[in-house]
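These notes concern the structure reproduced below.
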Amino acid sequence: MKKAITEIRGLDTSELQNKLLDLRKEKFGLRFRGSAEEVAKTTRHNEIRRTIARILTVLGERERTAGGKQ
């Protein structure tokens, strides 16, 4: 768990936004496939959801920090 958040914090803001976009696309694809057929790896939904939450947390922290320095 700490390794995942440390890796996310190590990325640049633009990289995080790109990764967030990719994860949201993957999540949509899994949801779409899941409605049509049985999804083999159901834990991937949870992994994606949690990673998205971590990225949004880090982006929010950075935004608040940048806003406080002005």
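The values are calculated or read from the model by the stated rules, or taken from the named source; none is laboratory data. Values in this document were obtained by computation on a predicted structure and should not be read as measured data. In this analysis, Cβ positions are derived from the backbone assuming ideal geometry, glycine residues included, and neighbour counts consider all displayed protein chains.
Scanning the range 26-55 for residues that are of a type in the set (Lys, Arg) and part of a helix (DSSP H, G or I), which turns out modelled with the lowest pLDDT? Please lay out each step first, then the result.
From the range 26-55, those of a type in the set (Lys, Arg) are 27, 31, 33, 41, 44, 49-50, 54; that's our starting set.
Now narrow it down to the ones that are part of a helix (DSSP H, G or I): 27, 31, 33, 44, 49-50, 54.
Numbers: 27: 91, 31: 82, 33: 75, 44: 84, 49: 94, 50: 95, 54: 96.
Residue satisfying both the conditions and the ranking: 33.
Among the residues of the range 5-28, just one is within 14 Å of residue 46 (Cα to Cα) and either over 11 Å from the mean Cα position of the chain (by Cα) or in contact (Cβ under 8 Å) with a residue 60 or more places away in the chain (or both), namely 28.
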